[in-house]
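The values are calculated or read from the model by the stated rules, or taken from the named source; none is laboratory data. In this text the structure is predicted, and so the values were computed from the model without any measurement. Cβ atoms come from the backbone with ideal geometry, glycine included; neighbour counts cover every protein chain shown.
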Amino acid sequence: MRLRAAALAVAAVIAAFSVSCTTVGTRLTTPSGFAEFQAAGEYRIISPEGVVLRVRTAENEPVQTLDFWAATLKRQLSQSGYALLAEGTFDPTKLPTPSTSPHGDYFEWSAPVGAEDYTYLTAIALAGDRIVIVEAAGPIEYYKLHAEQIHKALDTLTIAGP
């Protein structure tokens, strides 16, 4: 039930990007101990403790830069009560040409989900006319166990060309 609440919160944030999303050809290297699965047309990876990674794309509409979308995402989540824990960049190695950003941006947040505190990662990069969105969420103590693997997985982001 807690994962469902976290998933609903995640979905609300990403809805700000676009109504039309797809995961066709979008992948990360699966971290050790995680399992891949498809759920409702989304590509997901999950740990035994319930830390979930989700990868998808949305249209870059209106067409904007990575800096614009990163600032918009940061402002939206901050105003929605998420507490920013960390931010940085990652270097996806397999974005299609022409990639419109040489790197991606990520943010890690803390947010209450029921009686627990969760860590929620949002990462974005631009690939052609698409925004690539990677999300990870789980109870703080379990997220911390996998944080290094999650960050390494960001660098393995692969998406088929537009």
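The table below gives the values:
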| read-out | value |
| --- | --- |
| Segment 132-146 - residue that is of a type in the set (A, V, I, L, M) and under 10 Å from Val51 (Cα atoms) and, of those, nearest to the chain's Cα centre (by Cα) | Ala136 |
| Filtered residues of segment 35-61 (kept if modelled with pLDDT under 95, crowded, with 19+ Cβ neighbours inside 10 Å and assigned to a loop (DSSP other than H, G, I, E, B)) | Asn60 |
| Every residue from segment 53-74 that is under 26 Å from Lys144 (Cβ atoms) and among the charged types (D, E, K, R) | Arg54, Arg56, Lys74 |
| Of the criteria (1) at pLDDT 70 or above; (2) aliphatic (A, V, I, L, M); (3) surrounded by fewer than 19 Cβ atoms within 10 Å (Cβ to Cβ), which one Ala15 fails | (1) |
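Rundown of residues vs (1) of a type in the set (Lys, Arg); (2) in contact (Cβ under 8 Å) with a residue 40 or more places away in the chain; (3) surrounded by fewer than 22 Cβ atoms within 10 Å (Cβ to Cβ), yes/no style:
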{"position": "Gln64", "(1), (2), (3)": "no, no, yes"}
{"position": "Arg75", "(1), (2), (3)": "yes, no, yes"}
{"position": "Leu85", "(1), (2), (3)": "no, no, yes"}
{"position": "Pro92", "(1), (2), (3)": "no, yes, no"}
{"position": "Glu108", "(1), (2), (3)": "no, no, yes"}
{"position": "Asp155", "(1), (2), (3)": "no, yes, yes"}
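The rows are residues; the columns are (1) among the polar types (S, T, N, Q); (2) at pLDDT below 70.
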| position | (1), (2) |
| --- | --- |
| Leu8 | no, yes |
| Thr22 | yes, yes |
| Val63 | no, no |
| Leu77 | no, no |
| Ala83 | no, no |
